[in-house]
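Following: one structure in structure tokens, then a few remarks.
We did not get these values from a lab; they are worked out from the coordinates using the rules stated. Since the structure is predicted, the reported quantities are computational estimates derived from the model, not experimental observations.
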Amino acid sequence: FSSVKLRTGNPSEAGTTPMTHYAKQVTIKNCIVDGARRNNISVTDCDGFLIDNCLVQNAGYTDINGTTGTNPKLGIDLEPYKTGNPADGFDTSEFVQNGTVSNCRFNENRLGDCTAYNTYNVKIVNNHSTAGLSYGYSQNTVIANNVIDMSIIRQNNPATTAGTGVGSLGGANSDRFNHVNNSVVANNVFYGCTTGVEVRGQSATISNNMFVKCKIAINSFKASDLSIANNFIYQSTYIGINNAQ
């Protein structure tokens, strides 16, 4: 495979019946997905999915002429294709929900390994990442038991610093669900990150992680109801835990 895109078509006509336009219960397993110009795997409209035991590499590659691909250049992008308000009696939005990314190895993806952006009830577990994971503007996200090693110099990396191991976006009034909600980042190992975890939103739990030689282990920004517990921070080069409100 060079890329995989998970989305279905043939929506109902406007003004008739509600749209049932999402894929359901899709599994991508034991695949090598290598060298897509944009994203290696895009899940854009799906309820129930499993991406397991895949090698996902070289997304947004730089070709022999020095030309890079098209944003967002992610290994796996879990992101609704479009969002919108209900119209003609039904919701024209798309949803990515109730899915798992597990046991995958990521290598040389240009701008990130796996991003859950505006998703609901997604788990990212037991993976090996060198370009970072993100839960964007999502609700009910679990990022657990991953190894995020940014001490490795990636050839396909435009940044001058290592980057963020697990990131998030937004705050009140700046995302689809009004806030990033109910996120769990637990039992991960972070090595050599500029920032281990960048946490925003409401009701997040950051627990039982190990941070080794990260410039900042945990950085919170406009976070509320935040629990940080039982983490091990070793040889932080700047700040262990930083709360920026």
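Can you list residues from other chains, or at least 5 along the same chain, whose modelled amide H is less than 5 Å from the amide H of Asn58?
Distant-sequence amide H within range of Asn58: Gly35, Asn107, Glu108, Asn109.
Could you calculate, for segment 89-159, the ratio of the Cα radius of gyration to the Kirkwood radius, expressed as Rg to Rh? All intermediate terms of the calculation are to be shown ahead of the outcome.
Working: Rg = 13.9 Å, Rh = 13.1 Å.
With Rh from the inverse mean 1/r over Cα pairs, Rg/Rh is 1.06.
For segment 100-140 and segment 19-62, what is the separation of their C-alpha centers, rounded to whole Å?
With segment 100-140 and segment 19-62 each reduced to a Cα centre, they are spaced 11 Å.
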